[in-house]
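Novice: I am attaching a structure below and will ask some questions about it afterwards.
The values are calculated or read from the model by the stated rules, or taken from the named source; none is laboratory data. Since this is a predicted model, take the numbers as computed values, not measurements. Cβ: placed from backbone, ideal geometry, glycine included. Neighbour counts: every protein chain shown.
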Amino acid sequence: MPNGKQVTLRQIRDGQSSIVIQIQGGHGLISRLNALGIRPGQRITKVSSTPMRGPITIKIGNAQVAIGFGMANKIIVEPIEAGNGK
Amino acid sequence: MKILLMGNPNVGKSVVFSRLTGVRVIASNYPGTTVSYTHGLMKLGEERAEVIDVPGTYTLEPTTKAEEVALQMLGTGDMVVNVVNATNLERDLYLTLQLLERNIPAVVALNMWDDTEHRGIHIDLDKLRQLLGVPVIPTVATTGQGIKDLVESIPKATTPKAPPRSRDERWAVIGNIVDQVQYITHRHHTWLERMEDASAKPAGGIILAIAVLGGSFLAVRFIGESLISYVLNPLFDKLWAPVILRLSSFLGGDGLLHNILIGKIIGGEVNFIESFGLLTTGLYVPLL
């Protein structure tokens with residue numbers, strides 16, 4: 001179950017799954033992420049992150065996409081507790 | 001006729017393109033390999049059709065430069081072959097729906113079809129055809145499977161009368177379609193599939209590569225050594241040596257020609273290593 005804690009995508013650790021709550025960005029960003037399938041209510045998994053404000057890889061459905069650090073910072077997610085089904 | 005190959009990034013459009021036209025384009029396992037477009041010709045019955053490999057796009061509301069290019073090109077085509085990653089229907093159908101709203105004849109190629117089986121994804125093709133209203137062809141572009149069907153389906157492309165939808169409506173429609181056509185079962189991977197998975201990852205790939213190289217080295221050595229000891233050596237000793245000896249006595253056991261061809265006869269026998277003649281050591285050393 002989501003534990004009610006809302007954080008940005010960059011704050012969660014690698015391998016953590018979470019539900020997208022909100023995208024704090026302008027129209028352009030929302031539409032870009034929407035096209036990637038990243039929209040509120042979707043479940044995404046952070047696959048890896050890169051040091052030095054590098055891109056963050058996330059898994060959505062069966063695809064992996066890399067998004068910029070800035071973008072990840074604008075995606076508000078609610079982590080799903082580990083052990084709660086994959 | 002102008003055929004546009006459209007689809008999300010990294011679904012295999014360029015490989016489909018190569019298969020259709022025979023033109024080699026650089027395809028790699030990264031999204032966004034095709035930034036500018038490539039075009040080629042293919043035979044369609046009697047006609048020649050122009051095929052354009054459009055850069056990958058997630059949406060027709062352009063959000064990047066490559067997507068703007070894709071959108072502009074859409075206006076110039078006569079029909080669209082929408083390449084879809086069959087293992088990721090939900091996301092890829094978003095573009096498909098947008099294309100269908102454009103009232104342009106379309107065919108959907110469900111690429112990476114082999115991977116769906118592997119992942120335990122089952123897709124009801126007839127249902128999908130019915131819901132989308134266009135031909136849907138499963139393909140595996142990397143092996144060429146389904147490409148013939150795809151070519152045959154191009155003249156049968158249909159223009160579904162899809163009403164323009166808003167973003168949320170599209171996702172709702174997609175959710176509905178995916179619920180109806182796709183179900184996922186858990187299945188155990190066969191060892192072959194495990195090997196395939198391992199070979200595609202750096203660590204497993206290196207180990208497999210070393211194993212294959214080592215294996216082929218051992219195989220070559222084994223084959224070579226068996227050939228020498230069981231085939232070539234007996235052949236030289238049993239068949240060739242008597243011929244040489246006869247030739248030697250025919251030439252009188254000495255002389256210029258004898259020395260060139262046979263060399264020295266050591267202890268009444270031919271020594272293939274030390275005789276130093278064209279027909280003795282000259283044959284034996286290069287062969288063995």
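Novice: Residue check, B:TYR37 against (1) of a type in the set (Phe, Trp, Tyr); (2) closer than 15 Å to B:VAL16 by Cα; (3) crowded, with 20+ Cβ neighbours inside 10 Å, all met but one. Which one?
Specialist: Only one criterion in (1) of a type in the set (Phe, Trp, Tyr); (2) closer than 15 Å to B:VAL16 by Cα; (3) crowded, with 20+ Cβ neighbours inside 10 Å is unmet by B:TYR37, namely (3).
Novice: Looking only at segment A:20-77, count every residue that is polar (S, T, N, Q) and closer than 23 Å to B:GLY7 by Cβ and tell me the total.
Specialist: Looking only at that region, the number is 6.
Novice: Shifting gears a bit: Name the single residue, out of those in segment A:41-54 being surrounded by fewer than 16 Cβ atoms within 10 Å (Cβ to Cβ) and outside any strand (DSSP E or B), that is nearest to the chain's Cα centre (by Cα).
Specialist: It comes out as A:GLY41.
Novice: Further, regarding this structure: Do we have B:ASP115 as among the charged types (D, E, K, R), within 13 Å of chain A (Cβ to nearest Cβ) and surrounded by 23 or more Cβ atoms within 10 Å (Cβ to Cβ) here?
Specialist: no
Novice: Taking the condition touching a residue at least 12 places away in the same chain (Cβ under 8 Å) and within 14 Å of another protein chain (Cβ to nearest Cβ), does B:THR64 pass?
Specialist: For B:THR64, the condition - touching a residue at least 12 places away in the same chain (Cβ under 8 Å) and within 14 Å of another protein chain (Cβ to nearest Cβ) - is not met.
Novice: Since B:ALA209 meets every condition but one in (1) at pLDDT below 85; (2) within 30 Å of B:GLY120 (Cα to Cα), which condition does it not meet?
Specialist: Evaluating B:ALA209 over (1) at pLDDT below 85; (2) within 30 Å of B:GLY120 (Cα to Cα) leaves (1) as the failure.
Novice: A follow-up question, please. What residue, of B:LEU110, B:LEU128, B:LEU99, is within 14 Å of chain A (Cβ to nearest Cβ) and over 20 Å from the mean Cα position of the chain (by Cα)?
Specialist: Of the residues listed, the single one that is within 14 Å of chain A (Cβ to nearest Cβ) and over 20 Å from the mean Cα position of the chain (by Cα) is B:LEU99.
Novice: For the condition at pLDDT 90 or above, farther than 27 Å from B:PHE17 by Cβ and either basic (Lys, Arg) or crowded, with 18+ Cβ neighbours inside 10 Å (or both), what is the one hit in B:LYS127, B:LYS161?
Specialist: B:LYS127
Novice: Additional query: Is there a residue being among the small types (Gly, Ala, Ser) and in contact with a strand residue (DSSP E or B) (Cβ under 7 Å, 6 or more places away or on another chain) anywhere in segment B:128-141?
Specialist: Checking segment B:128-141: at least one residue is among the small types (Gly, Ala, Ser) and in contact with a strand residue (DSSP E or B) (Cβ under 7 Å, 6 or more places away or on another chain).
Novice: Out of curiosity, is A:LYS5 surrounded by fewer than 17 Cβ atoms within 10 Å (Cβ to Cβ), within 12 Å of chain B (Cβ to nearest Cβ) and modelled with pLDDT under 85?
Specialist: When the stated conditions are applied, A:LYS5 does not pass them.
Novice: Then there's this: Of the residues B:GLY56, B:GLY77, which is in contact with a strand residue (DSSP E or B) (Cβ under 7 Å, 6 or more places away or on another chain) and within 13 Å of chain A (Cβ to nearest Cβ)?
Specialist: Criteria check complete, one pass: B:GLY56.
Novice: Follow-up question, since we're still on this one. Against the condition surrounded by 15 or more Cβ atoms within 10 Å (Cβ to Cβ), within 12 Å of chain B (Cβ to nearest Cβ) and within 11 Å of the chain's Cα centre (by Cα), how does A:ILE38 come out, does it pass?
Specialist: Against the criterion (surrounded by 15 or more Cβ atoms within 10 Å (Cβ to Cβ), within 12 Å of chain B (Cβ to nearest Cβ) and within 11 Å of the chain's Cα centre (by Cα)), A:ILE38 qualifies.
Novice: Kindly provide the set of residues from segment A:9-28 that are surrounded by fewer than 18 Cβ atoms within 10 Å (Cβ to Cβ) and within 13 Å of chain B (Cβ to nearest Cβ), ordered by number.
Specialist: A:GLY25, A:GLY26, A:HIS27, A:GLY28
Novice: Okay, next question. Going by what's in this entry, would B:LEU100 be described as of a type outside the set (Phe, Trp, Tyr), closer than 18 Å to A:GLY61 by Cβ and touching a residue at least 60 places away in the same chain (Cβ under 8 Å)?
Specialist: It is false that B:LEU100 is of a type outside the set (Phe, Trp, Tyr), closer than 18 Å to A:GLY61 by Cβ and touching a residue at least 60 places away in the same chain (Cβ under 8 Å).
Novice: Out of the helices (runs of 4 or more DSSP H) lying entirely within segment B:76-151, which hold 2 or more residues that are closer than 29 Å to B:ALA198 by Cα?
Specialist: Counting at least 2 such residues, we get B:89-100, B:113-119.
Novice: Check A:ALA66 against each of (1) under 17 Å from B:TYR94 (Cβ atoms); (2) aliphatic (A, V, I, L, M); (3) within 11 Å of chain B (Cβ to nearest Cβ); (4) part of a strand (DSSP E or B) and name the one condition it does not meet.
Specialist: (1)
Novice: Taking the criterion of being farther than 19 Å from B:LEU95 by Cβ and surrounded by 13 or more Cβ atoms within 10 Å (Cβ to Cβ), would at least one residue in segment B:130-142 satisfy it?
Specialist: The answer is yes, given that some residue of segment B:130-142 is farther than 19 Å from B:LEU95 by Cβ and surrounded by 13 or more Cβ atoms within 10 Å (Cβ to Cβ).
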